[in-house]
Amino acid sequence: MESLLQKCLFGHYEIFDTLKNLYLNKKFPNKIILSGEKGIGKCTLAYHIINYILSLNEDHNYDTKYYKINSENKSFKLIKNKSNPNFNLIDVEDGKKNIDINQIRDLISNLNKSSFNEKPRFVLINNINLLNINSVNALLKVIEEPNDNINFILINSNKRVLPTLKSRCINFMISLSQNQVIEITNKIINQDIYNLLNKELINYYNTPGHLLKILNVSEEFEIDIKNLTLKDYLSLIIKNKLYKKDKKLTELTFSFIEIYFRNKININNIEILNFYTLFLKKIINAKIYNLDEESIFMEFEDRILNG
């Protein structure tokens, strides 16, 4: 629900206007995939276009001039309270690795019920790469021929999606330049990110969500992210095993290891290239199969940071 609470849309104005105009011209696709890097603002964009459509005829409707959700509109309040009959959110439940088939079955049951009003109905599915094969098959049955006025918006963080699902949707690629990432982050935190983070922690691969996560986690664990280099940051986290205390810190550590290698890669240094290939494979396997990350971090510290 963090994306819902972001009532101002920063960036992505062109794609928002495209979707808005498609709706006004009665050409809005009822099956959409928003694809882009994790943390780039795909869910926030989805919430904004959904609120724009649902609040069109409400008091305090969506502010298209400033791309802002009015927290007083009825649709926003109902979605925030998880009681909007025109909105369904599907995401991985706490403690689960995948979107369970029972979540899709409950969704289908809900969609088969009569609408409470004449408004469009929206299904927002986050992390579609975490749909297991049974969930995908169940979803395909309802997404192929959705009931009238039902719209699906699927969120994909540049992961592999089954072709059977992807082929039934219109895919919109979402991206930001590095300057846009910094500008958006600065607007969200209302200050200059370079005053808070060591410049080595800011790079081409960041997204606003990634930078905000660094700030939040580092504040929680009292990490001096202004004066620590990337190498020092990784050493501190691994040596003190801070990644065991927060899953978000594990994700950050994986991403910083990848960035560390990218910064060190030299086509003339075969050893670094081999290390990078080895660790990248281990990181991917750890994420896919939910393997223990400690051995990867310890090996990285021993062979790379202290090597």
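The values are calculated or read from the model by the stated rules, or taken from the named source; none is laboratory data. Since the structure is predicted, the reported quantities are computational estimates derived from the model, not experimental observations. All Cβ positions, even for glycine, are placed from backbone atoms using ideal geometry, and neighbour counts span all protein chains on display.
Taking the stretch 219-242 as the range and being touching a helix residue (DSSP H, G or I) at 6+ places or on another chain (Cβ under 6 Å) and either of a type in the set (V, I, T) or modelled with pLDDT under 90 (or both) as the test, the residues that pass are I225, T229, I237, I238. Considering E72, E58, the condition of being over 22 Å from L176 (Cα atoms), surrounded by fewer than 21 Cβ atoms within 10 Å (Cβ to Cβ) and touching a helix residue (DSSP H, G or I) at 6+ places or on another chain (Cβ under 7 Å) is satisfied by E58 alone. For the stretch 132-143, the condition of being free of Cβ contacts under 8 Å to residues at least 60 places away in the same chain, loosely packed, with under 13 Cβ neighbours inside 10 Å, farther than 19 Å from G41 by Cα and not β-branched (V, I, T) holds for at least one residue.
Scanning the stretch 261-282 turns up no residue that is buried (at least 16 other Cβ atoms within 10 Å of the Cβ), within 26 Å of the chain's Cα centre (by Cα) and among the aliphatic types (A, V, I, L, M).
Residues considered: D148, D224. Of these, the only one that is assigned to a loop (DSSP other than H, G, I, E, B), charged (D, E, K, R), in the same structural domain as I33 (by TED's automatic domain parsing) and out of contact with any Asp or Glu (no Cβ under 6 Å at 6 or more places or on another chain) is D148.
Within the stretch 77-97, can one find any residue that is of a type in the set (D, E, K, R), in a strand (DSSP E or B) and either out of contact with any strand residue (DSSP E or B) (no Cβ under 6 Å at 6 or more places or on another chain) or in the same structural domain as N129 (by TED's automatic domain parsing) (or both)? No.
For the stretch 52-76, a residue qualifies if it is out of contact with any Lys or Arg (no Cβ under 7 Å at 6 or more places or on another chain) and in a helix (DSSP H, G or I), and the qualifying residues are I53, K74, S75, F76. Looking at the stretch 240-251, can you tell me whether even one residue there is over 24 Å from the mean Cα position of the chain (by Cα) and surrounded by 11 or more Cβ atoms within 10 Å (Cβ to Cβ)? There is at least one residue in the stretch 240-251 that is over 24 Å from the mean Cα position of the chain (by Cα) and surrounded by 11 or more Cβ atoms within 10 Å (Cβ to Cβ).
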